Structures are given as C-alpha cells and as structure tokens.
Amino acid sequence: MARSIRFIRRNVQGRVRQNINFGPIRQRSAVVITAAELGQGGRPHLGEANVWVTNVGPHNPEGGDGGVEFHIHSDFSSPIDVLVTISVLEDIEGDVFVV
C-alpha cells in the first residue's frame, strides 16, 4: 500500500538539497516526489514559477527512520514556497544493469 506525506519548503530559489526521513522508506523503496508552488489555503498554485524535483535517492535508516534525499528546483526571479508530496510505493522487485 502506498504511503504519502506532504510538507512545505519555504523560500526556494534555484536548487535546494533536501533530506526527509519517513519511516516506511528504505533503500529499495520506490519513491515518487511531486512539487508545486504553494498557493492559498495550502493548495498547489500553477503559476509562472517552474518547479521540479531531481536526483531522488531513498536511503536506509541511519539511527532512525529511513528517508529520501533529492533536489528541489525553482526557476523564478524571487524565492517561493514549495509544496512537496512524497509517496512511497512497495519495494522494487529487482535491479537491471545495462552496459
């Protein structure tokens, strides 16, 4: 079963590295992260700011909960607040290595 959390990252401009700990995440977890500018009432605002997430890397617990590291990007002329949703799916079934 998928599990999700949502948080607000304030004053994002350019690229910001983020690490969020969340109990269900392990290194083999499939993790999906979405981001959008924060609007009124906690809703996503689809305005002029381009907002996206890259370099998603789940990790095992390091003395606590597992978690995920990633970069939040905002291509806008001033800092904005970003609404981020992290969804954890079941573990991946296997690895494929392409040469």
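Arrange the residues PHE22, PHE70, PHE97 by how much accessible surface each exposes, largest first, with a 1.4 angstrom probe.
PHE97, PHE22, PHE70
Filter the GluC sites (Glu not before Pro) in region 40-99 down to the DSSP loop ones having no more than 14 other Cβ atoms within 10 Å, then list what survives.
Those satisfying the criteria are GLU48, GLU62, GLU93.
Just the accessible area per residue of the chain, please: how many Å² with a 1.4 Å probe?
Here the residues of the chain average 66 Å² of exposed surface.
Choose one answer from LEU38, LEU83, LEU46: the residue with the largest mean-square fluctuation in a GNM of the chain with alpha-carbon springs under 10 Å.
Per the Cα network of the chain with a 10 Å cutoff, LEU46 tops the list.
What relative contact order, as a whole-number percentage, does the chain give when Cα pairs under 8 Å and 6 or more residues apart are counted?
Once divided by the residue count of the chain, the mean separation gives 45 percent.
In region 26-99, if the dipole is taken from +1 on Lys/Arg beta carbons and -1 on Asp/Glu beta carbons about the Cα centre, which of VAL56, VAL99, PHE76 is farthest to the positive end?
PHE76
Leaving out ligands, DNA and RNA, and with a 1.4 Å probe, what % of the accessible surface on the chain is carbon or sulfur?
Carbon-and-sulfur percentage of accessible area, whole number: 46.
May I ask you to list the trypsin sites (Lys or Arg not before Pro) in region 1-59 that are in a DSSP loop and have at most 15 other Cβ atoms within 10 Å of their Cβ?
ARG28
The values are calculated or read from the model by the stated rules, or taken from the named source; none is laboratory data. None of these values were measured; they are calculated from a predicted model. Here Cβ is always computed from backbone atoms with ideal geometry, including for glycine, and neighbour counts include all displayed protein chains. The area values use the complete protein model at the heavy-atom level, side chains included, leaving out ligands, DNA and RNA. Shrake-Rupley method; radii C 1.70, N 1.55, O 1.52, S 1.80 Å.
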